[in-house]
Amino acid sequence: MDTWGKRIFLALFVAAFPLLTGCTRHSKKEHYYLVATNINLPYWKTAADGFQAAALQYGVTAEVWGPTTFDPQDEVTEFHTVAARKPAGILVSVANAALMQPEIDAAITAGIPVITVDSDAPASHRLYFIGTNNLEAGRLGGARVTAQLNGKGNVVFFTIADQPNLEERLKGYKDVFASSPGIKIVDVFDMKGNSGLAMDKAQEYLAKTGKDKIDAMICLEASAGKDVGEAYKRANAKDRLLVAMDVDSATLDLVKDGTIDSTISQKPYTMAFLGLKGLDDVHHYPVKPLTGDYWLDPFSPFPAFIDTGVSLIDKTNVDTLVDRTKKMGSQ
């Protein structure tokens with residue numbers, strides 16, 4: 001091979017080398033964090049799987065941080081600690097927007113990309129939100145409850161106060177119920193992130209009779225469904241409707257045996273999977289300034305919102321989801 005041929009061969013090899021060895025721009029030294037509360041819940045375990053799957057694909061390091069209980073102030077402290085490490089990017093599910101907004105803004109100002117998942121802080125400088133259209137989730141549940149009650153009955157909600165995603169779900173339900181004056185919202189119970197409190201309160205509701213009878217209980221977050229369902233089983237309450245949120249195995253079992261009428265499914269795996277990829281893109285292709293009003297800019301490099309979708313799970317389709325979950329668990 002002459003000198004000119006060697007030069008051409010070398011140039012082609014250099015160009016092709018990244019394709020042969022994978023994307024060389026990544027490094028295990030790049031750290032991405034997902035910050036949330038109640039991180040031991042199955043919901044967040046599923047999100048962690050998605051986060052780690054994206055990290056493995058890119059060859060970067062990913063960690064999940066946050067309190068194991070619902071503690072918004074502790075989540076802020078964890079976020080602050082993570083941001084001080086100057087990571088490549090942070091995903092955060094916001095338990096309390098007022099508390100978290102200053103920390104998000106400080107991180108963005110410091111040049112750390114932040115994307116919100118699951119629960120948003122829209123007034124902050126986060127780049128964008130990935131998650132459920134929570135108004136739509138509430139409307140989907142509201143339509144189910146309205147149909148099952150034939151447009152009439154007393155209903156109660158289990159929620160966590162001041163959590164933005166849950167407030168949006170509640171509004172979605174209320175939007176639907178507004179067209180059915182026979183449905184009365186008797187109570188919106190703040191379970192403070194403690195499913196045991198939800199079970200105790202459910203037992204109180206189940207004891208009501210006559211005109212005060214509670215015809216339907218609705219769980220706006222993941223952990224309440226199984227414990228409220230347990231209260232139903234103990235009371236042998238077959239004449240009351242129960243609608244849950246999310247698809248942990250205990251909730252799906254209760255859908256299968258008819259204790260829970262239906263549950264609204266989200267995609268936490270997808271949220272975290274796309275979230276890490278979004279952060280990675282900003283880390284490697286920086287946008288300046290990060291503090292721009294990108295939600296307003298028609299030429300923004302970012303979407304305002306990535307909707308990962310919702311679906312209603314009941315006896316007609318629960319087996320398909322259970323089978324899929326088992327296959328993922330065995331991989």
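Quick notes on this structure:
- No other residue among Ala235, Ala244, Ala222 is open to solvent by 40 Å² or more (accessible area, probe 1.4 Å) and aliphatic (A, V, I, L, M) apart from Ala235.
- Here Ala216 does not fit the description of being aliphatic (A, V, I, L, M), surrounded by fewer than 19 Cβ atoms within 10 Å (Cβ to Cβ) and either more than 22 Å from the chain's Cα centre (by Cα) or over 26 Å from Gly50 (Cα atoms) (or both).
- Every residue from region 281-310 that is among the hydroxyl-bearing types (Ser, Thr, Tyr) and free of Cβ contacts under 8 Å to residues at least 60 places away in the same chain: Tyr285, Ser300
- Residue within region 10-25 that is open to solvent by 50 Å² or more (accessible area, probe 1.4 Å) and at pLDDT 95 or above present: no
- Hits in region 166-177 - residues which are in contact with a Gly (Cβ under 7 Å, 6 or more places away or on another chain) and either open to solvent by less than 20 Å² (accessible area, probe 1.4 Å) or of a type in the set (Val, Ile, Thr) (or both): Arg169, Gly172, Tyr173, Val176, Phe177
- Tally of residues being closer than 18 Å to Ala95 by Cβ, at pLDDT 95 or above and open to solvent by 30 Å² or more (accessible area, probe 1.4 Å) across region 47-70: 3
- Output for region 74-97, where each listed residue is surrounded by fewer than 17 Cβ atoms within 10 Å (Cβ to Cβ) and more than 19 Å from the chain's Cα centre (by Cα): Thr77, His80, Thr81, Ala84, Arg85, Lys86
- Checked against the criterion of being open to solvent by less than 70 Å² (accessible area, probe 1.4 Å), under 23 Å from Gly131 (Cα atoms), of a type in the set (Gly, Ala, Ser) and modelled with pLDDT under 90, the candidates Gly309, Gly329 yield just one match: Gly329.
- Within region 182-208, the set of residues being open to solvent by less than 60 Å² (accessible area, probe 1.4 Å), over 15 Å from Ala224 (Cα atoms) and not in a strand (DSSP E or B) comprises Gly182, Leu206.
The values are calculated or read from the model by the stated rules, or taken from the named source; none is laboratory data. A quick note: this is a predicted structure, and the numbers were derived from the prediction, not measured. Don't worry about glycine lacking a Cβ; one is built from the backbone with ideal geometry, like all the others, and counts go over all protein chains shown. Side chains included, ligands, DNA and RNA excluded: accessible areas come from the protein's heavy atoms. Shrake-Rupley method; radii C 1.70, N 1.55, O 1.52, S 1.80 Å.
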